[in-house]
1. Which of A:ILE134, A:ILE183, A:ILE32 moves the most in a Gaussian network model of chain A with Cα springs under 10 Å?
2. Please average, across the residues of A:119-128, the number of beta carbons from any other chain that are within 10 Å of each residue's own beta carbon, and give a whole number.
3. Output the Kirkwood hydrodynamic radius of segment A:22-215, Cα pairs only, in Å rounded to one decimal.
4. If you look at just the Cα atoms of segment B:66-143, how large are its Rg and its Dmax in Å?
5. Over 31 Å, how big is the tail of the calculated P(r) for the protein assembly as shown, in percent of all Cα pairs?
6. Using only the alpha carbons of segment A:34-77, determine the length spanned along each of the three principal axes and report them from longest to shortest in whole angstroms.
7. Among the lysines, select those whose C-alpha is under 28 Å from the C-alpha of A:LYS128, and discard any that sit fewer than 8 residues away in the same chain.
8. Jot down the per residue volume, in cubic angstrom and as a whole number, of the convex hull over the alpha-carbon atoms of segment A:98-190.
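Only the coordinates and a few stated rules stand behind these numbers; no lab work does. Keep in mind the model is a prediction, meaning the values are calculated, not measured. Quick reminder, even Gly has a Cβ in these numbers, built from the backbone with ideal geometry, and neighbours come from all protein chains shown.
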Number of protein chains: 2
Amino acid sequence: MYPPDNSENLGPYSHTKVKRLADRAHYDRDSIYRILDEGFVCHLGFIANGTPYVIPTGYGRRGDALYLHGASANFALAESKKNATVSVTVTLIDGLVLSKSAFHHSINYRSVVSFGTVMPVEDVEEKKLALETILNHIVPNRSNDTRPPSRSELKATRVVRYEIMEASAKIRIGEPKEEPEDIELDYWSGQIPIEWGYSDPIPSGNSNGKLPDYLVNFSRPANS
Amino acid sequence: MYPPDNSENLGPYSHTKVKRLADRAHYDRDSIYRILDEGFVCHLGFIANGTPYVIPTGYGRRGDALYLHGASANFALAESKKNATVSVTVTLIDGLVLSKSAFHHSINYRSVVSFGTVMPVEDVEEKKLALETILNHIVPNRSNDTRPPSRSELKATRVVRYEIMEASAKIRIGEPKEEPEDIELDYWSGQIPIEWGYSDPIPSGNSNGKLPDYLVNFSRPANS
């Protein structure tokens, strides 16, 4: 059911076999990691008192695991640990797709839907590593240029390791689909690309005023 | 437990009472509608075979309801209808927040976490209205400038009405928080705003070539 560690793929397994539009599906680690590395807010799905919850939260990736964090009283993380399996989804929206027919309108996107287990991170060294991983995932190189967490801050932070057991990526790119009989219709059709970018950093009133190199022309992930 | 129709608020009720950082929480319809109207991809959470799923999907809003659609064999919509309660979350990311301490790094965001019920839409007139609502939510004014769905396309499309029973919005804006003892530390601190924008539309090979007025300087929602 689940991948051996040496597999290049994280699916398809029982939860992740994409049945519709299967040509959009990818199961290889490379495709999945790219999306997880470009995103930095995931949607965590878990069950509490019989009800499904979907909570957005930041993350950092380390291999097949995502680190998540919150306050020690964080409801989503506490409840997730009680679930045998939780779901984590990351979605990147790339554009609107306008067809000549209402039916074939679509969205260009890249998403990862994954299933796995949530393990508490109690060991102080792994906790520090996890928090560094999250911070550097969201702002590459930042952990070396900020005050590290104090002992009481570490205590006040709950960290969990979400281990991906299976995952699928879905990717839609390119032009709208048209029915052959619609091609000559006199409607505009095409794509409206969505730009997702970072503006110039705005220093706070307390900033030292000197923008560090890693924030000049800021983009992320670091290697893109 | 749930709001009377004439209440201005959609919470807090049993699932949506925000316990931590409660100053970020909003329960009024106006705050919640604004976020639902700016977003157009939600994350639908449901339980299938005991496992929580989180699936991204487009939507359109009508009052307290969101219309969702998919192929007639769509797994998420079919399973959601079997759930007494599902969850729908919409998240907008506005910026990165860099504090002098690792601990106070944050993300500026606006999100709505909601709970409700999924009802099938079988009536042809409501189905047409629902599909128009979704299309015009994502691309304002588009439904009048495209071929409407045929009878067989309507048949091939599954539509559901998600009725919000309770919802909460969470909004974080502005500067990083600092501990008083960190203010003099020699680190850069501030915000990196995230810009989410639409580029110039790219016509497809089959387009009629004339960009309609409603796509010139495209932005959405229509009234923003």
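1. Evaluated over chain A, the most mobile residue of the options is A:ILE183.
2. Values: counts 0, 0, 0, 0, 0, 0, 0, 0, 0, 1.
Average per residue, whole number: 0.
3. So the Kirkwood estimate lands at 19.2 Å.
4. 17.9, 57
5. Tail of P(r) above 31 Å: 42 percent of Cα pairs.
6. For segment A:34-77, the Cα extents along the three principal axes come out at 34, 21, 16 Å.
7. A:LYS81, A:LYS82, A:LYS155, A:LYS210, B:LYS19, B:LYS100, B:LYS170, B:LYS177
8. Numbers: hull volume 14.7 nm³, N = 93.
Cα-based convex hull of segment A:98-190, divided per residue, equals 158 Å³.
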